[in-house]
There are 4 protein chains.
Amino acid sequence: MNKAAGHKRWVIADGYIPPGSTGNSRPLVSHDAICILNSGDQDAHIEVTIFFADREPAGPYRMTVEALRTKHVRFNEFTDPEPVPHDTDYASVIDSNVPVVVQHTRLDSRQPALALMSTIAFPV
Amino acid sequence: MNKAAGHKRWVIADGYIPPGSTGNSRPLVSHDAICILNSGDQDAHIEVTIFFADREPAGPYRMTVEALRTKHVRFNEFTDPEPVPHDTDYASVIDSNVPVVVQHTRLDSRQPALALMSTIAFPV
Amino acid sequence: MNKAAGHKRWVIADGYIPPGSTGNSRPLVSHDAICILNSGDQDAHIEVTIFFADREPAGPYRMTVEALRTKHVRFNEFTDPEPVPHDTDYASVIDSNVPVVVQHTRLDSRQPALALMSTIAFPV
Amino acid sequence: MNKAAGHKRWVIADGYIPPGSTGNSRPLVSHDAICILNSGDQDAHIEVTIFFADREPAGPYRMTVEALRTKHVRFNEFTDPEPVPHDTDYASVIDSNVPVVVQHTRLDSRQPALALMSTIAFPV
C-alpha cells in the first residue's frame, strides 16, 4: 500500500532555541526540532529557510529524507550555511520536492524540569 | 444524531519514547500515545505503520476501536509484530477503514516533574 | 466587521483528567478544558458528548457561549447529566448551532511542577 | 522563490496570562504569545481583537510585520488601546491584510519549573 502523504510546503511560525539546559546529555539538551516523515517511495529533498525579526532570511538549509524514512532534526545543530542563533525569535518555511509531513517540537530544559511543546506545522 | 467524523489516514511525524521515568505508576511512566475516537456506528479496524530513520518500516500493528468508543494506546506497549524501541526517533501512519480522529500526546517524566505535549495528528 | 468564524462540530480525541494536583488554588488544580470562541453576533448553543473506552457515551452537556464572548470550561467541573470520571480515558465531540472555534488545553499538576498541553480541536 | 503563505484571519480560542512567575528574566516570565510569520514580499498590517467571557471585546491592537520577517509578540506586553488583564480567560482573532501564519505559545513559570504549550492558530 502506498502511504505517500502530506504537503510540499510547511510553515513553523514559532522558532526559538532556549539559551541553556539543565540536562546533561543530548536527549535532554534544550532544543527546537522538526520531525519530517517521508512515507512515499521517492527520496525527499528538503530546503529550510529561516526568517528573523530584524534581518534577511537565512538558508536554504538542505537535507534529504530518504523514501520510507523519518528524520528528526534540530535547528540548534544546523551549521550550513550558518548556525541558527540561540535566544532569538525566528520562524521557518520547509520546502520539499515530494509530499511530506512536518511536526514541530521544542524541549526546554532551562529550569530543573524539562518542558515540552509540539504542534503540527502549518501546510500551505 | 450521527456523529461519525474524521479521516481514514493520519500521520504523526514526531514519535519518541523517553528512555526513563520518575513516575512510579502506569499513569506517570513516560509514554508516547495515540488517542483514537470512533464516533460512528461501525467498528474501526486500525493499522499503524511505524517509520524509522535508518531501517525499514515496522508493522502493521492492528487494533479495533469499537463503534462509539475511544481508545488511548501507547507505542511503548506495542508488542506485535515487534516492540517499538525506546530513545529512538520514529514516525507513524494510522490507517482506519472508517473515519476516526487521532490525537498525539506524549508524557515525559524523565526529570523530576513531568512534561506534556499534544497535537492533533495530520489528516490525509 | 463581522468576525464570525469556525465550524459547528469539533472533536477532541484525547480526554483525561489527572487524578491529583500539587496546586493549591483553582488555577493550579489539574484540569482538562475546552476553550470556545464565539466571535459571531448570535449566541452559540453548545452540546458536548463524551465517549469512553468501555461504556456508552455520556451527555449531552449543554452550555451557551454568548455572541462576541469566549468561554473556557473544564471537563472536571461538568455535573449535568453526570460528572466526568477522573483518571479515565475519554474523548469528546462538541456541537454548536453556529460556527465557533474550539481549543483543547490540559494542565497537569500531579507532580511538583505543572505541565501544560494544548492543541486546536479537530473541525469536521 | 516566493514563499508567501498562509491566511488572513486566525483564531486562538485559549488565551490566558498566568498571574505569576518564578523566572527572573524576560525569557522566563510567564507569557502568552503569538508568533507571526510574513514570508511574503509585502508588509503585513495586523489587527488583533480580544474577546472575554463577560465584557465587550477589546482592540484592535495594531502591529506591522514587515515583508520576509517574523514577529513574536506577547499579549502581556500589549498596552494600546488597553492592557490585557492577567489571570483572566480570553480569546483572540488576528486579521492581516496579506497572508501570514500564526502560532500560539504559552510559557507558564508559576511553579518552580516552567511549562510550555504551543499550537498552530486556527485559520479561517
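The values are calculated or read from the model by the stated rules, or taken from the named source; none is laboratory data. Every value quoted in this text rests on a predicted model; they were computed, and no experiment measured them. Here the Cβ positions follow ideal geometry from the backbone for every residue, glycine too, while neighbour counts run over all protein chains shown.
Looking at A:112, A:60, A:99, A:83, which one is within 20 Å of residue B:92 (Cβ to Cβ) and of a type outside the set (S, T, N, Q)?
So the residue among A:112, A:60, A:99, A:83 that is within 20 Å of residue B:92 (Cβ to Cβ) and of a type outside the set (S, T, N, Q) is A:99.
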Every pair of residues 6+ apart whose Cβ atoms lie under 7 Å, when the first sits in the stretch D:25-42 and is surrounded by 20 or more Cβ atoms within 10 Å (Cβ to Cβ) while the second is among the aromatic types (Phe, Trp, Tyr) and in a loop (DSSP other than H, G, I, E, B): D:32/D:16
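Here's the yes/no breakdown for (1) among the small types (Gly, Ala, Ser); (2) touching a Ser or Thr at 6+ places or on another chain (Cβ under 6 Å):
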| position | (1), (2) |
| --- | --- |
| D:18 | no, yes |
| D:61 | no, no |
| D:66 | no, no |
| D:74 | no, no |
| D:83 | no, no |
| D:91 | yes, yes |
| D:94 | no, no |
| D:109 | yes, yes |
| D:122 | no, no |
Selection status of residue B:13, over 24 Å from residue C:18 (Cβ atoms) and crowded, with 19+ Cβ neighbours inside 10 Å: yes
Qualifying position, being touching a residue at least 24 places away in the same chain (Cβ under 8 Å), surrounded by 21 or more Cβ atoms within 10 Å (Cβ to Cβ) and of a type in the set (Gly, Ala, Ser), among D:58, D:91, D:67: D:91
Matching entry among C:55, C:69 (being over 20 Å from residue C:89 (Cα atoms), out of contact with any His (no Cβ under 9 Å at 6 or more places or on another chain) and among the charged types (D, E, K, R)): C:69
Index of the failed condition, residue A:28 passing every other in (1) touching a Ser or Thr at 6+ places or on another chain (Cβ under 6 Å); (2) hydrophobic (A, V, I, L, M, F, W, C); (3) at pLDDT 95 or above: (3)
Of all residues making up the stretch D:77-122, the number that are in a strand (DSSP E or B) and within 14 Å of the chain's Cα centre (by Cα): 20
Residues of the stretch D:86-101 satisfying the condition of being within 13 Å of chain C (Cβ to nearest Cβ) and farther than 18 Å from residue C:39 by Cα: D:86, D:87, D:97
Residue count, the stretch A:107-124 (criterion: crowded, with 22+ Cβ neighbours inside 10 Å, more than 7 Å from every other protein chain (Cβ to nearest Cβ) and touching a strand residue (DSSP E or B) at 6+ places or on another chain (Cβ under 6 Å)): 2
